[in-house]
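Participant: Quick one: this structure, given as structure tokens, is what I'll be asking you about.
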């Protein structure tokens, strides 16, 4: 890592934007009469947090209209690392790497070629069950898939029952900590009713890697490290990066390129 990169990683997003906007070509291209100050950029991020959800929803609708969604939805959570100076962030546990980190979390439902269709910013990677249920409802409101895949954290009766009632097949490994003995029998009974082969379920579950690839593509937009300070600004940055991922996918599709690519070739 070069010294300039290290400096960028430890700067706030407001300072970064303000610095970039002092480039004459950039601030003129953005329609400014003069370079905006860092305070102006800070106010912009605060205001953006109030509308970024609507922008994200609009872009998801645009992706759906272009047929970029498929019949398998995947849900998963990822870590969002914060700066040490962010007093709103907290010490969180990352079970995959078995390590602690300082920051937040983000739960994402994705489909197709790394297309996020529902997301929520959380205080840690371990999102509460109500968050998973809300995102599941949001995702089904966009379009109804055939399958919805999650890891063992999503093996809950409410999640299974809601999906089955909607005509969607839930696929998640059994989690003894999430379901009671009575509950597990209900899940097995509902699964048996769908008359699916185990090999089909296994093959479908393997598609869960799609949401992990979506997370990685968004981290390529810096989801993995927020440069903003404070929960409001950090959330705005995360959703801005989610929107950027959708913009790249839609733009590539419109140009006849691969929507799954994380770059736009000029």
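The values are calculated or read from the model by the stated rules, or taken from the named source; none is laboratory data. Every value quoted in this text rests on a predicted model; they were computed, and no experiment measured them. Because the Cβ atoms are built from the backbone with ideal geometry, glycine has one as well, and the counts that use them run over all protein chains shown.
Participant: Please work out which one of (1) surrounded by fewer than 18 Cβ atoms within 10 Å (Cβ to Cβ); (2) at pLDDT below 90; (3) part of a helix (DSSP H, G or I) is the condition residue 31 fails and give its number.
Facilitator: All conditions are met except number (3).
Participant: Would you say residue 213 is under 30 Å from residue 91 (Cβ atoms), at pLDDT below 90 and not in a loop (DSSP other than H, G, I, E, B)? Outline the logic, then answer.
Facilitator: Values: under 30 Å from residue 91 (Cβ atoms): yes; at pLDDT below 90: yes; not in a loop (DSSP other than H, G, I, E, B): yes.
When the stated conditions are applied, residue 213 passes them.
Participant: Hey, another quick one. Regarding segment 102-114, can at least one residue be identified that is out of contact with any strand residue (DSSP E or B) (no Cβ under 6 Å at 6 or more places or on another chain), at pLDDT 80 or above, in a helix (DSSP H, G or I) and within 22 Å of residue 149 (Cβ to Cβ)?
Facilitator: no
Participant: Pull out all pairs, ordered by first then second residue, where Cβ-Cβ is under 7 Å, the residues are six or more apart or on different chains, the first lies in segment 85-96 and is without any contact (Cβ under 8 Å) to a residue 24 or more places away in the chain, and the second is surrounded by 13 or more Cβ atoms within 10 Å (Cβ to Cβ) and assigned to a strand (DSSP E or B).
Facilitator: As it stands, the answer is 91/102, since those pairs meet every condition given.
Participant: For residue 120, all conditions in the list (1) touching a residue at least 40 places away in the same chain (Cβ under 8 Å); (2) touching a helix residue (DSSP H, G or I) at 6+ places or on another chain (Cβ under 7 Å); (3) in a strand (DSSP E or B) hold save one; what is the number of the exception?
Facilitator: (1)
Participant: Follow-up. Looking at residue 136 and the list (1) farther than 22 Å from residue 63 by Cβ; (2) in contact with a strand residue (DSSP E or B) (Cβ under 8 Å, 6 or more places away or on another chain), which single condition is not satisfied?
Facilitator: Of (1) farther than 22 Å from residue 63 by Cβ; (2) in contact with a strand residue (DSSP E or B) (Cβ under 8 Å, 6 or more places away or on another chain), only one is false for residue 136: (1).
Participant: Do we find that residue 139 is touching a residue at least 60 places away in the same chain (Cβ under 8 Å), under 19 Å from residue 171 (Cβ atoms) and not in a strand (DSSP E or B) in this structure? Even if it seems obvious, please write down each step before you answer.
Facilitator: Numbers: touching a residue at least 60 places away in the same chain (Cβ under 8 Å): yes; under 19 Å from residue 171 (Cβ atoms): yes; not in a strand (DSSP E or B): yes.
Yes; evaluated as a whole, the condition is true for this residue.
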